[in-house]
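Student: One structure follows; several queries about it will come next.
Values in this text are rule-based calculations from the coordinates and carry no lab data. Treat the numbers as computed from the prediction; the structure is a model and nothing was measured. All Cβ positions, glycine included, derive from the backbone under ideal geometry; neighbour counts span all protein chains shown.
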């Protein structure tokens with residue numbers, strides 16, 4: 001590729017590329033959610049509920065309903081201009097474009113997690129792309145058909161060491177006692193602010209509840225894998241650098257993290273042409289994703305308020 005190359009087509013970033021690996025490493029949602037391909041901008045996912053089971057020799061019709069959650073694809077975009085005076089050989093162009101794509105991947109990972117997990121406002125499709133897990137847990141009737149009561153699955157934590165063990169245990173208990181807990185698929189997503197807190201938390205026998213993963217195994221809390229996320233901090237609107245309260249999100253079954261994949265991540269590169277007033281190569285990056293919490297009863301949220 002040279003400075004005069006004009007790539008007029010969006011090019012997908014291959015899944016084995018450094019950029020994608022960076023996204024998967026930093027985004028707890030991209031790495032753990034149940035990815036669902038989307039061929040249109042919206043998609044309904046049917047959701048099963050209870051089923052009437054009878055004993056004996058006769059059958060009784062099931063009266064429960066199948067409902068659904070809706071995924072709506074939202075765009076996560078970025079654009080930068082590169083001065084062509086500094087792009088004077090193939091190596092510098094490749095390095096510059098690769099580095100900017102890498103930088104975008106870091107911000108995108110944080111911003112997607114923030115949108116899916118921690119934004120406090122109501123979904124509007126722009127500054128608040130989705131109804132986050134935090135918003136759902138703190139909202140009356142957040143589920144499609146349920147009578148969920150706001151904050152039923154919410155835990156407030158003031159940051160004191162003496163309260164940590166009980167608060168972490170309560171976070172898990174809220175989901176473990178329900179119908180949406182699967183030990184083999186359970187997951188904790190936590191902001192990095194909790195790393196020091198849980199390292200210091202021990203049970204009555206003085207044993208740590210946190211086990212740091214080795215040789216590729218994940219960190220665990222009460223034997224539940226932990227995925228770390230810098231986007232898991234509250235914010236009024238979606239951002240790649242949230243500055244609110246750190247969150248710990250417990251998902252009783254990671255298959256309830258419904259991530260719609262419409263397109264991307266992908267890139268578009270356009271070199272300057274004769275009609276431009278400056279000699280700059282433009283780089284665009286984008287990804288379109290949809291998200292929904294499959295069932296609010298499968299999630300609980302702990303918020304560190306101090």
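Student: If each of residue 122 and residue 217 carries a label point 7 Å out from its Cα toward its Cβ, how far apart are those two points in nm?
Tutor: If labels sit at residue 122 and residue 217, their model points lie 4.7 nm apart.
Student: Using Cβ counts within 10 Å as a stand-in for footprinting exposure, how do 108, 102 rank, fewest first?
Tutor: 102, 108
Student: Follow-up. If each residue's Cβ is checked for other Cβ atoms within 10 Å, how do 154, 59 rank with the fewest at the top?
Tutor: Listed from fewest to most nearby Cβ atoms, that is 59, 154.
Student: If I model a spin label as a point 7 Å beyond the Cα along the Cα-Cβ vector, how far apart are those points for residue 35 and residue 70 in nm?
Tutor: About 2.6 nm separates the two model spin labels.
Student: Still on this model: Quick check on the exposure proxy: order 157, 165, 68, 134 from fewest to most C-beta atoms within 10 angstrom. Before the final figure, lay out each step's value.
Tutor: On the way: 157 23, 165 16, 68 13, 134 27.
Arranged by neighbour count, lowest to highest, 157, 165, 68, 134 become 68, 165, 157, 134.
Student: Here is a further query. Beta carbons within 10 angstrom, averaged per residue: use that to sort the peptides 33-42, 117-126, highest first. Walk me through the numbers before you get to the answer.
Tutor: On the way: 33-42: 13.5, 117-126: 17.3.
In decreasing order of mean packing, 33-42, 117-126 become 117-126, 33-42.
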